[in-house]
1. Could you sort the peptides 89-98, 3-12, 42-51 by per-residue average Cβ neighbour count (10 Å cutoff), highest mean leading?
2. Can you give the net charge of the other residues whose Cβ lies under 15 Å from the Cβ of Ser69, counting K and R as +1 and D and E as -1?
3. What is the gain in length, in nm to one decimal, between Ile97 and Ser165 on full extension, counting 0.36 nm per residue of separation less the C-alpha to C-alpha distance?
4. I'd like the Karplus ³J(HN,Hα) series for region 4-20: coefficients 6.51, -1.76, 1.60, θ = phi - 60°, whole numbers in Hz, and an x wherever there's a Gly or Pro.
5. If you place +1 on the Cβ of every Lys and Arg and -1 on the Cβ of every Asp and Glu, how big does the dipole about the Cα centre of the chain come out, in debye to the nearest 20?
6. Using only the alpha carbons of the chain, determine the length spanned along each of the three principal axes and report them from longest to shortest in whole angstroms.
7. Once amide H atoms are built 1.01 Å from N in the peptide plane, which residues 5 or more positions from Gly12, or in another chain, come under 5 Å H to H?
8. Cα to Cα, under 16 Å, and not fewer than 8 places away if on the same chain: which aspartates and glutamates meet these conditions relative to Lys53?
Amino acid sequence: MSLKKIVVLFSGEGTNLENILKKLHKKEFEGKKIQIVKTITNNPKAKGIEKAKKYGVDVEIIDHKNFSSREEYDEVLVKSIKKVNPHLVVLAGFMRILSPVFTSNIKNAINIHPSLLPLFKGVNAIKKSFESEMKVAGVTVHRVSDELDSGKILDQCCFHRDNESFEEFEKKIHQLEYKLYPEVIKTLLIRE
Ligand code: GRF
């Protein structure tokens, strides 16, 4: 049985983190076991901290407020990730722009973005997508690269819009995230 190790980075609610823990943590697929070996947050108040602890998973808090530059922060982040030598680094609502210090050192990182990239990059993607004239909306899993929300697209899924309220729209986006992200992670770790 081979072990596939993941590190998850998050900043807030941690609902994607929780979903990944529920569906993948310590589960076996085709003779391979996935384990979230560590989670890291930049936010000491992140709700996701309790969610990780509930699953007995290590949480490291690396508060960005203690660093004077993005590069300095990323150096410590990279070191912490490399310590556990993961097969994959999963960004799940990690609200930090990453510098080349991160992207040149961590090649195996992916992110989920709540829009159909390349549309609506950056913050407030759900709102931007809701307010657009698009008849479909969806989510994207992509590789992390030097440029924000611009790495290679790994997968997407979408729904046809139906005059939803913003709350309904947002809920549908999150449901797609919870379905797509574990599937892509599994594909990368188990089948490739
Ligand atoms: C998700 O919508 C994700 O796509 C975006 O940030 C949000 C994080 O939510 N990058 P949560 O912390 O997983 O609940």
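1. Ranking the peptides 89-98, 3-12, 42-51 by packing returns 3-12, 89-98, 42-51.
2. -2
3. Working it through step by step, the gained length comes to 21.5 nm.
4. Result, rounded to whole Hz: 10, 9, 10, 10, 10, 10, 8, 10, x, 4, x, 6, 5, 4, 4, 5, 5.
5. 760
6. Reported extents, whole Å, longest axis first: 47, 44, 30.
7. It is Gly48, by chain and number.
8. Result set, ordered by chain and number: Glu13, Glu18.
Bear in mind these aren't lab numbers, they're just calculated from the coordinates by the rules spelled out. Note that the structure is a prediction, hence the values are computed from the model and not measured. Reconstructed Cβ throughout: ideal geometry from the backbone, glycine too, with neighbour counts over all protein chains shown.
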